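*Asks:* Below is a structure I'd like to ask you about.
The values are calculated or read from the model by the stated rules, or taken from the named source; none is laboratory data. Just so we're clear, the structure is a prediction, and the values are computed from it rather than from any experiment. Here the Cβ positions follow ideal geometry from the backbone for every residue, glycine too, while neighbour counts run over all protein chains shown.
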Amino acid sequence: MNIDSYCDQSNKGCYLNGDAINIIFSHLKQLDPEFYRLIAYSIMPNHIHLLFQKNQQLKEIMKRRLFPISRGDHNI
């Protein structure tokens, strides 16, 4: 089994797959451009990489907008 197949099928640390990807992507796009201008993103099996130009203080973006994703709050 290759790593992509493992991550697609695993529940052992590979949480960001299936419907979770759509939820995260929708949330990230919803915050653009009020909080930041999203330049690029990469949703990995257990974390996310973002490249953005901030429109508000970084601590506010992380605390109020991005942090709920890391807590598993899908009712964002």
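*Asks:* Please state which one of Leu28, Leu51 is hydrophobic (A, V, I, L, M, F, W, C), modelled with pLDDT of 80 or more, farther than 22 Å from Gln9 by Cβ and part of a helix (DSSP H, G or I).
*Replies:* Answer to the check: Leu28.
*Asks:* Let me spell it out: the conditions are (1) in contact with a Phe, Trp or Tyr (Cβ under 7 Å, 6 or more places away or on another chain); (2) in a loop (DSSP other than H, G, I, E, B); (3) modelled with pLDDT under 75, and Arg65 meets all of them except one. Which number is the exception?
*Replies:* Here Arg65 meets the rest and fails (2).
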